[in-house]
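**Student:** Provided herewith is a single structure, encoded as structure tokens, for subsequent inquiry.
The values are calculated or read from the model by the stated rules, or taken from the named source; none is laboratory data. Note that the coordinates shown come from a computational prediction; the quantities given were computed from them, not determined experimentally. A quick note on method: Cβ atoms are made from the backbone with ideal geometry, for glycine too, and the neighbour counts reach across all protein chains shown. Protein only, heavy atoms only, side chains kept; ligands, DNA and RNA dropped before computing areas. Shrake-Rupley method; radii C 1.70, N 1.55, O 1.52, S 1.80 Å.
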Amino acid sequence: MLKFALKNMLTKKVKMILIILSIVISASVAILAYNVAEQVNDGLVNTTSTYDTIVGPAGSSTQLAMNTLFFTDKPPGTISYEYVEKLESDDRVNVVIPFAMGDSYNSSKIVGTKPAFLDGKPLKDGEMFGDVYEAVVGSSVARKYGLSIGDELVTSHGLSENGEKHTANPLKLVGILEETNTAYDNAVFTDIETVWEVHEHHEDEGHDEGHDEHEDGSSEDADAPSSHTFEGEDEEHEEHEEHAEEGTVCAILLKCRTLAYAEEIKKEFASDSNILTITPAEVIREIISNVDLSRKIVYLLCIIILIMNVFVISTVTILNMYDSQKDIALMRLIGIGTGKVNILFLIQNAVIGLISTAISFGVSRLVLSLMSDFVASMGIVLDASKIYPFEWLIMAVVFVISVLPTLICTLHISRKDIIRN
Amino acid sequence: MIKTEGLVKRFDEDTLISYNNIVFEDGKSYVLLGASGCGKSTLLNMLAGVITPSEGAIYFDGVEMSRKSQKQKDRFRIEKIGYIFQDFKLIEEMTVEDNINVLRLEGVKTSAMDDVLGKLGILSKKKKKVKQLSGGERQRVAIARAFVKAPDIILADEPTGNLNYEIGKKVVEEMLKIAKGKTLVAVTHDDRLAPLFDCTIDMNGIASSYSESEVEKNA
């Protein structure tokens, strides 16, 4: 029966391909939309930090949270390292982690910090950075650029890929993190002193000349040669202010002994107009509430797409079935019973449903992988292997609606007076 | 033996066809001759269980089949009757082999396929798609499908309708050769083929077509 059904399907290759294509397009959009919405939400929720307080320069709390937790956006500025030292001597604080950012390796951000920042993130290969210029990379970075332990990473000045290369001070890769499906997969981690050293060299190499020129205004002349010219220089200068230069950090991540101490510290810093302290959980909750609206819109779109799926797939299936009236009549005339005819077309449409569902799933995963880089820039890593239960439901619905109309149609057609068909 | 009793078929329009009783004996070949619209094909369809008579009965070896359920009639048709249709009723996009193997859906064995196709001279066309065949070849495929299951009864509706006389005659001769010893009832409008069969039934004397108004007037 299955063999004959497949042969019968193969006689209508073009039609079958078009039917499968129409199902795949609508089903994969629904699956993809749902998965992305869920993973973005999960990404935010799961990163709600193990830190109870983040101290940073005055500015946007969202920017500070996104920068330190998801390594997105530019750092809002820098604060003196003295704050780190002060907090380290504070008995109310368990963990004090300095955080600096400003350079990049290809499109991946470089985070200057302490090894403790990677606590709970096991290494797949190598060891934790210890000395200046040693670096640990996230799994995606290693995979994307084919990195292995001992490789040299030539970083770029600023957060743009087009920034001036720090060829004189490459980082040495000493460790690769295991995949975490978080923003950590897409970042490079090194000691905070590395960030300072690199920038010290960078200034020595003449970047500060450019600054001086700007200060005295002479470099405003378009013909004036720049000490280091590269694409996006203006942007670079803008970013330069956000680089953690020696003795500065972009943020400080704290784990306090108690939440009450965290609140106390927050209050103490409130009087310092140069400092902003945030509770990451609160900021993330706010972001999630905004994202939640988007998620609801995506759900609504999913439902609309599914309803459209029902119409599209049913219409296509019904048209296909009515197109098969002649074949059904023929079979009935030579004595094939209604039951067998129904089973035959049911098998055919089940095969179409299965193929379409499988391709839809494959397409959604392929697009997820392709989208991964784009979404990674927002600090969320899309895991193409992650399947939510609702996705199975979408696929089940797609399968059922590609089979159910067949059953109704064949029953209707095959029960008609044979000779009238 | 097939026996009809008081067969009447009413149609949607106000017309009906009434048949005299007919007996088809086992192992003989019959040709039904008659003008177009006299009810030849309708009789074949009723014998095959494709349509149900409005009145009367059809007996196969004494068993009344026309009032059985459609499922039983389908079963009877697939097991006992080989029906050759005027317009072949073949799946154009499928191969000759697949068109015959469609019978397997109902568990019919098609192991005699090569033998039957060989006898009809189209074994070499087995893997060809029906749409690539000539009219004569298609008709032979339709005949092969009817014969491959070794039925007791063969019904053939205008088996040469789409063929010229010479080819048609050859096809009928081949068909009769394979049908030897079976009951064969064929319909044709070409009376030149009649001598090839054991018995000729002139449907003009057997079936009567009326309109309802005529029936009422006669009553």
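**Student:** Would you mind giving the mean number of other chain beta-carbons within 10 Å of the Cβ of each residue in A:336-342, as a whole number? Don't skip to the end; give the middle numbers.
**Tutor:** On the way: counts 9, 10, 3, 3, 6, 2, 0.
The shielding value for this peptide is 5.
**Student:** Counting partner chain Cβ atoms within 10 Å of every residue's Cβ in B:101-108, what's the average?
**Tutor:** On the way: counts 3, 11, 4, 4, 12, 7, 1, 3.
The mean count of partner-chain Cβ atoms within 10 Å per residue comes to 6.
**Student:** Now for a separate question. What is the distance in Å between the Cα centres of region B:44-94 and region B:151-211?
**Tutor:** If you average the Cα positions of each part, the centres end up 17 Å apart.
**Student:** With r defined as the distance between the Cβ atoms of A:ILE303 and A:SER107 and R0 fixed at 35 Å, what FRET efficiency is calculated, to the nearest 0.05? Before the final figure, lay out the partial values.
**Tutor:** Working: r = 36 Å, r/R0 = 1.02.
In this case the efficiency is close to 0.45.
**Student:** With unit charges on the beta carbons (Lys and Arg positive, Asp and Glu negative) and the dipole taken about the Cα centre of the protein assembly as shown, which residue among B:GLY39, A:ASN342, A:ALA116 sits farthest to the positive side?
**Tutor:** Of the candidates, B:GLY39 comes out farthest on the positive side.
**Student:** Return a whole-number percent for the relative contact order of region A:119-176, with Cα pairs under 8 Å and 6 or more residues apart as the contact set.
**Tutor:** 47
**Student:** Using 0.36 nm times the number of residues separating A:ALA116 and A:ARG92, minus their current alpha carbon distance, what extension gain do you get? Mind showing how you got there, number by number?
**Tutor:** Values: separation 24, 0.36 × 24 = 8.64 nm, distance 1.79 nm.
The A:ALA116-A:ARG92 span can extend by a further 6.8 nm.
**Student:** Find how many whole Å separate the alpha carbon centroid of region A:68-91 from the alpha carbon centroid of region A:24-63.
**Tutor:** Value for the Cα centre distance between the two parts: 23 Å.
**Student:** On to the next question. How about B:LYS3: which lysines have a C-alpha closer than 21 Å to its C-alpha, ignoring those fewer than 8 places off in the same chain?
**Tutor:** In chain and number order, the partners are B:LYS28, B:LYS40, B:LYS68, B:LYS73, B:LYS80, B:LYS180, B:LYS182.
**Student:** Sketch the reach of a paramagnetic label on A:LYS13 as a point 7 Å from Cα along Cα-to-Cβ, and name the residues of region B:105-143 whose backbone nitrogen lies under 15 Å away.
**Tutor:** Taking a point 7 Å out along Cα→Cβ of A:LYS13, the residues of region B:105-143 whose backbone N falls under 15 Å are B:129.
**Student:** Right, next: If the only charges are +1 at each Lys and Arg Cβ and -1 at each Asp and Glu Cβ, what is the size of the charge dipole of the protein assembly as shown around the Cα centre, to the nearest 20 debye? Can you show the working numbers first?
**Tutor:** Working: 64 positive and 95 negative charges, 1952 e Å.
Charge dipole of the protein assembly as shown: 9380 debye, to the nearest 20.
**Student:** Take A:ALA396 and B:LYS177, extend 7 Å from each Cα along the Cα→Cβ direction, and tell me the distance between the two endpoints in nm.
**Tutor:** For A:ALA396 paired with B:LYS177, the spin-label model returns 6.1 nm.
**Student:** To the nearest 10 square angstrom, how much accessible area does A:TRP196 have with a 1.4 angstrom probe?
**Tutor:** 30
**Student:** Please say if region B:2-218 is rounded, prolate or oblate, where rounded means a/c under 1.5 for a ≥ b ≥ c the square roots of the C-alpha gyration tensor eigenvalues, and otherwise the choice is prolate for a/b larger than b/c and oblate otherwise?
**Tutor:** In terms of gyration-tensor shape, prolate.
**Student:** Any idea what the dipole of region B:2-218 comes to, in debye rounded to 20, about its Cα centre with Lys/Arg Cβ at +1 and Asp/Glu Cβ at -1? Mind dumping the intermediate values first?
**Tutor:** Values: 33 positive and 33 negative charges, 218 e Å.
Dipole size: approximately 1040 debye.
**Student:** Heads up, I need the accessible area for A:MET321: 1.4 angstrom probe, whole protein in place, Å², nearest 10.
**Tutor:** The accessible area comes out at roughly 0 Å².
**Student:** Need one number: nm distance between label points at A:TYR145 and B:HIS189, each 7 Å from Cα along Cα→Cβ, rounded to one decimal.
**Tutor:** Roughly 8.5 nm, to one decimal.
**Student:** Report the calculated FRET efficiency for A:SER273 and A:GLU85 (r = Cβ-Cβ distance, R0 = 22 Å), to the nearest 0.05.
**Tutor:** Values: r = 21 Å, r/R0 = 0.93.
After rounding to 0.05, the efficiency reads 0.60.
**Student:** Given the rule -39500 (n - 2.57) for each run of at least 4 DSSP H residues, summed and divided by the residues of the protein assembly as shown, what is its mean residue ellipticity at 222 nm, to the nearest 500 deg cm²/dmol? Mind dumping the intermediate values first?
**Tutor:** Details: 21 runs with 297 residues, N = 640.
Helices in the protein assembly as shown give a 222 nm mean residue ellipticity of -15000 deg cm²/dmol.
**Student:** Is the shape of region A:48-140 rounded, prolate or oblate, going by the alpha carbon gyration tensor and its root eigenvalues a ≥ b ≥ c, with a/c under 1.5 for rounded and a/b larger than b/c for prolate?
**Tutor:** oblate
**Student:** Okay, moving on. Between B:VAL63 and B:ASN21, take the C-beta separation as r, use R0 = 25 Å, and let me know the FRET efficiency to the nearest 0.05. Kindly include the intermediate steps, with their values, before the conclusion.
**Tutor:** Details: r = 17 Å, r/R0 = 0.67.
Taking R0 as 25 Å, the efficiency between B:VAL63 and B:ASN21 is 0.90.
**Student:** Follow-up. Rounded, prolate or oblate: which fits the protein assembly as shown, taking a ≥ b ≥ c as square roots of the Cα gyration tensor eigenvalues, rounded meaning a/c under 1.5, else prolate when a/b beats b/c?
**Tutor:** Working: a/c = 4.49, a/b = 3.50, b/c = 1.28.
Because a/c hits 1.5 or more and a/b exceeds b/c, the protein assembly as shown counts as prolate.
**Student:** Ok, one more. Given DSSP loops and a limit of at most 12 other Cβ atoms within 10 Å, what is the longest stretch of chain B that contains no such trypsin sites (Lys or Arg not before Pro)? Don't skip to the end; give the middle numbers.
**Tutor:** Details: sites that count: B:ARG67, B:LYS109, B:LYS127, B:LYS180.
Longest run free of exposed loop sites: B:1-66.
**Student:** Using a Cα-Cα cut-off of under 30 Å, which lysines could be cross-linked to A:LYS124, ignoring same-chain neighbours fewer than 8 residues away?
**Tutor:** By straight Cα distance, A:LYS124 reaches A:LYS74, A:LYS109, A:LYS114, A:LYS144, A:LYS165, A:LYS172, A:LYS255, A:LYS386.
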